[in-house]
1. Quick one: is A:Arg121 farther than 22 Å from A:Asp40 by Cβ and open to solvent by 20 Å² or more (accessible area, probe 1.4 Å)?
2. Here are some residues: B:Thr368, B:Thr331. Which one is within 30 Å of B:Gly539 (Cβ to Cβ), outside any strand (DSSP E or B), polar (S, T, N, Q) and open to solvent by 10 Å² or more (accessible area, probe 1.4 Å)?
3. Quick one: would you say B:Leu267 is buried (at least 17 other Cβ atoms within 10 Å of the Cβ) and aliphatic (A, V, I, L, M)?
4. Looking only at the range B:574-586, decide whether some residue is modelled with pLDDT under 95, open to solvent by less than 30 Å² (accessible area, probe 1.4 Å), within 11 Å of chain A (Cβ to nearest Cβ) and in contact with a Phe, Trp or Tyr (Cβ under 7 Å, 6 or more places away or on another chain).
5. Do you know which residues across the range B:425-436 are open to solvent by less than 20 Å² (accessible area, probe 1.4 Å) and in contact with a helix residue (DSSP H, G or I) (Cβ under 7 Å, 6 or more places away or on another chain)?
6. Just checking, which of B:Arg66, B:Arg101 is in contact with a strand residue (DSSP E or B) (Cβ under 9 Å, 6 or more places away or on another chain), open to solvent by less than 60 Å² (accessible area, probe 1.4 Å), within 14 Å of chain A (Cβ to nearest Cβ) and not aromatic (Phe, Trp, Tyr)?
7. Might you let me know whether the range B:51-61 holds any residue that is hydrophobic (A, V, I, L, M, F, W, C), in contact with a Cys (Cβ under 9 Å, 6 or more places away or on another chain) and surrounded by fewer than 21 Cβ atoms within 10 Å (Cβ to Cβ)?
8. Given the structure, is A:Gly28 on the phi > 0 side of the Ramachandran plot and either in a strand (DSSP E or B) or under 13 Å from the mean Cα position of the chain (by Cα) (or both)?
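The values are calculated or read from the model by the stated rules, or taken from the named source; none is laboratory data. Note that the structure is a prediction, hence the values are computed from the model and not measured. Note that we place each Cβ from the backbone using ideal geometry, even for glycine, and neighbour counts take in every protein chain shown. Ligands, DNA and RNA are excluded from the accessible area calculation, which covers all protein heavy atoms including side chains. Shrake-Rupley method; radii C 1.70, N 1.55, O 1.52, S 1.80 Å.
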Amino acid sequence: MAKAKADKNIETKYELAPPKEWTPFIFGIFCNWCSFAGADQAGTSRMQRPANLRIMRVMCSGRVEAHWILEALKEGADAVLVCGCHIGDCHYVEGNFKTVRRMPLLFKMIEQFGVNPKRIRFEFISASEGAELTELIKEYSEEIRKIGPGPFNKYFKK
Amino acid sequence: MEDDLKIGVYLCHCGVNIAGVIDMDELEEFSKTLANVSVVKQYKFMCSDTGQSMIKDDIKAGLVNRVVVAACSPRMHEPTFRRAIEGAGMNKFLFSQANIREHSSWISMNDKQGASRIAKDHIRMEVAKVSKLEPLEPQKVKVTPSCLVIGGGITGINAALDLAEQNFHVYLVETTPTIGGHMAQLDKTFPTMDCSACILTPKMVDVNQHKNITLMVYSEVDSIEGYVGNFKVTVRQKARYVDTIKCTGCGECAIKCPVSVPNEFDLGLSVRKAAYLPFPQAVPGYYTIDMDHCILCGICADPSVCEPDAIRYDDKDKLVELDIGTIIVSTGYDPFDPTPLKEYGFDKYDNVITAMQMERLLSSYGPTLGKPVRPSDLEAPHSIAFIQCVGSRDFHPGRGHKYCSRVCCMYAIKQARQYKEKHPEAKIYIFYMDVRAFGKGYEEFYEIAAREYGITFIRGRLAEVYEDPIDKGIWLRGEDTLLQTPVEIKADLVVLSVGLEARKDADQVASLLSIQKTEDGFFMEAHPKLRPVDTLTDGIFIAGVAQGPKDIPDAVAQAKGAASSAAVLMAKGEVEIEPYYSIVDADHCTGCHSCISQCPFGAITFNKFKGVSEINPAKCKGCGTCVATCPVGAISQNHFKEEQLDIIIRSVLKEGGVY
């Protein structure tokens, strides 16, 4: 099958160059039992991280729909981070398995749209991994900063 | 409908936790600009009585019909505010909580602008969500008045007895052939020097005889299904190869058994037979045949040996199904294995032992009948050195754990005192980092040990120990950090005060019960201070060392706490669960069966006559996986409907956020 013809330049169309110290905006979708609790633990332990993550809570990462992620990117997010329990720890037995299986399809799809698949990430964060989350946000922010603002970031792009 | 929305936004300062970072007046001005917001108020502590009354009064006055509280995590106070709202006569599901503490002010304490931006976005998200929320009725489910206690140590025993006394039926499951746990291995307990067996064994007997307790030793939990109040538990009763109804516990089989193996109960310091009773006071007092070592010689089955004819070589594992309302997890701990710490030479030198082995040597029913000897020549040692913090308080990877195990200081002092009482002339050294004598009566116990018993305390961690090849004594080399001089002394016996660590099977237990673990490997409580025995899974409680290192009084206190928490649920007889179940829209369902294969709970069935899937709300746990799976969008999840989440994404990204 011929690969869908995509506008590969979508990532680099800038109207306004982002400032050097620009911080990417990360939209997070976290499961209630592990990852949201892990984010709470990071806060309770006062682990400082860049103020660029907004978290939406769902009961299970298995509930995460692909079109939310696309919608978030479409509305201007620079990256979308989906977090769930570690394999075997899911509160609903196997919801995270489903997410693990769905995400690669999404990566493939957005690549065809001309969007860098690194803008979407799925990570396991348990309820005690506040430190890991903090590190992840720092590292991911840096990675996205190098890639540049999201394809539909309305501040810098057409 | 949209015109009727009157959203009240309540901003909590949480003392200085939020207000110290975020400008609350600015946040108030911002909140007023959001769509459908009619009331915005701020207060120092929204969760306090006054704060809750502010919300209630506004609801009663008809000023608001949707509530957003911007405060701590919803995992902390969502139930509190929901109760308040319900008390004012509003449906409690028309509420949403914006987390501006854990996810905002606490993670961006230096970047106040950033924290403020997060707070605004989180309020924006929740205001958007609450405008789409629908009233729901909580589901009520019955709670079966029976409790499963996993682990028959001192914690499990106390929890079981407390519940049984309240007339709830208790199933106590223990993996070894006897209850009693690690406490049964101890000789005496600090600081009162109570004989451990004297305070434990009567309770063990009580458990065995109580009419409300079903004791299931040599058993393991195989699977757990269901939810709070209605767990279906399968317990695997391992084959014992002895008919427990006929066995009289006479012990003839063990006397005649030709196979000897190291006794786990004495940590390898003595031997037991393949047909064995772990220790004389074991409850229940039936013998067990260890098939890993049995050679099937048939001697014990001979009628002249086993007169009651209780030996069953063809015994098989049995699966027992139980209906359970609540579960208490008291699986305890493993002592730390000091083998990886090479400088202490635990696997190299005979005269280096662990504290648990020392405990067995001191015990009156131990291998030496309470007269400690050193392993190399079976003579009573003239000098003993205790090394503290073995496997505890060590930040180097692979060398143990970062946490303090909380009991090692006290048990080392206790063992030192016990040995001094038997051999007053012996020299005792304790190498310590800090002596943590924190409990009731502990400091006094330590003081007396140092002052009256003449035990030498040396502050400093050891560099290495090595064996004197002639008399097998152990040289200890280190630094006395108080005198700031190197020390090198010789002791006849070295005791490693090993810490406590999470059991090796803690991972399996955690996934079996779907409960969480903390970084240190122990099970995680729902809140470290206010809900120390609850887990994040309703109806499952944790107690004792399974939750974190603690001594016997603390473990018993937790056992009683967990028993009381479990009793609260069972005494009420019913419990409210969140109605987040999913619903199939029959008009849109194409009958493709996709959702059925995705549901881990078997809650979805296919209605052949209508050609559509149907979800049983009682079985649905509300994960929403089927909703994301449905290719035609025919399934929706209560409280997490498509439009309720979609509006969050659009609100935060369209109007706010991006910078």
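1. no
2. Only one candidate qualifies: B:Thr331.
3. yes
4. Within the range B:574-586 (the criterion being modelled with pLDDT under 95, open to solvent by less than 30 Å² (accessible area, probe 1.4 Å), within 11 Å of chain A (Cβ to nearest Cβ) and in contact with a Phe, Trp or Tyr (Cβ under 7 Å, 6 or more places away or on another chain)), the answer is yes, since at least one residue qualifies.
5. Those that are open to solvent by less than 20 Å² (accessible area, probe 1.4 Å) and in contact with a helix residue (DSSP H, G or I) (Cβ under 7 Å, 6 or more places away or on another chain): B:Ala426, B:Ile428, B:Ile430.
6. Going through B:Arg66, B:Arg101 in turn, the sole match is B:Arg101.
7. No: the range B:51-61 contains no residue that is hydrophobic (A, V, I, L, M, F, W, C), in contact with a Cys (Cβ under 9 Å, 6 or more places away or on another chain) and surrounded by fewer than 21 Cβ atoms within 10 Å (Cβ to Cβ).
8. no
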